[in-house]
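Encoded as structure tokens, the structure appears first; notes follow it.
The values are calculated or read from the model by the stated rules, or taken from the named source; none is laboratory data. Fair warning: this is a prediction, and the values are worked out from it, not measured in the lab. All Cβ positions, even for glycine, are placed from backbone atoms using ideal geometry, and neighbour counts span all protein chains on display.
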Amino acid sequence: MSDDYSSSLFSDFDSEEQKYWLEVLDVVDSICNNLQYTTLIVSIIGIVCNLFHLLVLSQKSMRGLTINAFLIGIGLCDLIRMTCVVLIVGPYINAYLQTVPLGCLGPPLYITMVISVFGNSTEKTCQQLSVWYGVTIGVLRALVIRYPLNSKISRFINSKYGCRPLLLITAIAIPFWVIGYSQLHVKEYRIWKAPVDCPNFPANYTQVEYFFDTIKIFGQSDLELFKIALVFEGITCKLIPSVLLPLATIFLVIELKKNKSESTVSSKTSDSSKRSTKLVIFMTISFLIANFPLGVLYLAEFCVYNDGPMGFVYIMKRCTAVFTLINVINGTVHFLICFFMSSHYRTTAKSLVTGRAVQGSSVVNPTEVPAPKIESAKSTRSIFAIASTKVE
């Protein structure tokens, strides 16, 4: 970043304040550049983990329940998101590691900049989808246990019907991806000529230099529209999910305890329900840690757009690198959460490694289970046991 551009970010301050904030800017830039290395490494590890994660969830014995269908959606979003991070960050880290002088690096290639635009919009959309998939898991589980006799709700246990809200959420997110991708396009800027003292280029080497240009609807003339879109995205994709996730989980735990005190449930079913609840709780916590601070940052960025200098906006933009790393870590630990919280997941994973077939299935069909009888506690199967979303 040039000194003139850096100074223009804090043009409203006097020289002393400007010097202070430029030092802060240098520290933030240094931290964020170093975080990109960590993000790249974690993303590569996460891609491997999520490939195996999706392989486990796609097995026949795991496909019957809605919760597993949503876990497949979350895993797929995490995989795409981490792939985008590698494609975006990789070329810039490669350039940063070059031993040649900074002026000899040359401008980014056209394909690199196009991948950056596509990857940024895709990464953001997949992150939003992943969060809303997690919200829907918690809400559906709470509804199924709260209304066990409602056949319209109970049928969402099985993936045949449970995939419908998953597809609906995905369809709603597609326009947001289109808007995000359409904000920027790559345009030719000038012909860049390599300095004569650059050892990595032949003599008289030239290359086309490109830049990101905003389309009119998101340009400076439509700044108000951009700010509205920014705060709308922060509320709908960050703050609302961060509120709904814990509410749904707390409600779920209360209903589980209530039904447990009123019903006679087999030890196996009770343990399965507890594991399912713990799985949802851990998924909730991971989404909260990864997304709630980002939602607050979105709102803060909106406020700064109104009154603050552009330097603060730049610092906030750079701080998103921290939350990108947290989200990548979050996407990686989903595999571990499922492995340690679900015995059926562990069994299926071990069967893939050892080559042994999985015994039994995780599918529970409420319509095929006989109605509960009151004759004896031994023969009683409560509606709660039938309606629970089992994730053994």
Open item on the list: If I go through the range 45-70 residue by residue, how many of them are at pLDDT 90 or above, surrounded by 15 or more Cβ atoms within 10 Å (Cβ to Cβ) and not small (Gly, Ala, Ser)?
Closed with: 8
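Specify the residue that is modelled with the lowest pLDDT; the eligible residues are those in the range 3-12 that are in contact with a helix residue (DSSP H, G or I) (Cβ under 7 Å, 6 or more places away or on another chain) and among the polar types (S, T, N, Q).
Step one: list which residues in the range 3-12 are in contact with a helix residue (DSSP H, G or I) (Cβ under 7 Å, 6 or more places away or on another chain), which gives 6-7, 9-10.
Next, from what is left, pick out any that are among the polar types (S, T, N, Q): 6-7.
On the way: Ser6: 53, Ser7: 56.
Out of the qualifying residues, it is Ser6.
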- [ ] Given the conditions (1) outside any helix (DSSP H, G or I); (2) among the aliphatic types (A, V, I, L, M); (3) under 30 Å from Glu255 (Cβ atoms); (4) without any contact (Cβ under 8 Å) to a residue 60 or more places away in the chain, report the number of the one that Leu149 does not fulfil.
- [x] (4)
- [ ] Filter the range 198-216 for residues that are in contact (Cβ under 8 Å) with a residue 40 or more places away in the chain and exposed (fewer than 13 other Cβ atoms within 10 Å of the Cβ) and give the result.
- [x] Pro199, Val208
Open item on the list: Any residue in the range 16-31 that is closer than 16 Å to Thr320 by Cα and surrounded by 13 or more Cβ atoms within 10 Å (Cβ to Cβ) sitting within a Cβ distance under 8 Å of a residue that is at pLDDT below 80 and among the basic types (Lys, Arg)? List the pairs, counting only those 6 or more apart or interchain.
Closed with: Val28/Arg318; Asp29/Arg318
- [ ] Go through Val85, Val114 for me and flag whichever is crowded, with 19+ Cβ neighbours inside 10 Å, at pLDDT 85 or above and either of a type in the set (Val, Ile, Thr) or within 30 Å of Gln207 (Cβ to Cβ) (or both).
- [x] Val85
TODO: Inspect the range 55-77 for any residue being touching a residue at least 60 places away in the same chain (Cβ under 8 Å), touching a Gly at 6+ places or on another chain (Cβ under 9 Å) and either among the hydroxyl-bearing types (Ser, Thr, Tyr) or over 30 Å from Ser351 (Cβ atoms) (or both) and give the result as yes or no.
DONE: yes
Task: Matching residues in the range 13-59 - criterion: being out of contact with any helix residue (DSSP H, G or I) (no Cβ under 8 Å at 6 or more places or on another chain) and outside any helix (DSSP H, G or I) - done: Asp14
Task: Single condition Trp192 does not satisfy, out of (1) aromatic (Phe, Trp, Tyr); (2) touching a helix residue (DSSP H, G or I) at 6+ places or on another chain (Cβ under 8 Å); (3) over 13 Å from Thr66 (Cα atoms) - done: (2)
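Mind checking whether some residue in the range 349-362 is at pLDDT 75 or above, part of a helix (DSSP H, G or I) and surrounded by 20 or more Cβ atoms within 10 Å (Cβ to Cβ)? Full working, then the answer.
Quick first cut of the range 349-362, residues at pLDDT 75 or above only: 349-355.
Filter once more, so that each one left must be part of a helix (DSSP H, G or I): 349-354.
Now narrow it down to the ones that are surrounded by 20 or more Cβ atoms within 10 Å (Cβ to Cβ): 349.
Yes, the range 349-362 has at least one match.
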Task: Breaking point among (1) modelled with pLDDT under 85; (2) in contact with a Phe, Trp or Tyr (Cβ under 9 Å, 6 or more places away or on another chain), for Glu368 - done: (2)
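Yes/no matrix, rows are residues, columns are (1) over 24 Å from the mean Cα position of the chain (by Cα); (2) farther than 19 Å from Cys338 by Cβ; (3) modelled with pLDDT under 75:
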{"site": "Thr236", "(1), (2), (3)": "no, yes, no"}
{"site": "Pro241", "(1), (2), (3)": "no, yes, no"}
{"site": "Glu255", "(1), (2), (3)": "yes, yes, yes"}
{"site": "Lys268", "(1), (2), (3)": "yes, yes, yes"}
{"site": "Asp271", "(1), (2), (3)": "yes, no, yes"}
{"site": "Ile289", "(1), (2), (3)": "no, no, no"}
{"site": "Tyr298", "(1), (2), (3)": "no, yes, yes"}
{"site": "Glu301", "(1), (2), (3)": "no, yes, yes"}
{"site": "Tyr305", "(1), (2), (3)": "yes, yes, yes"}
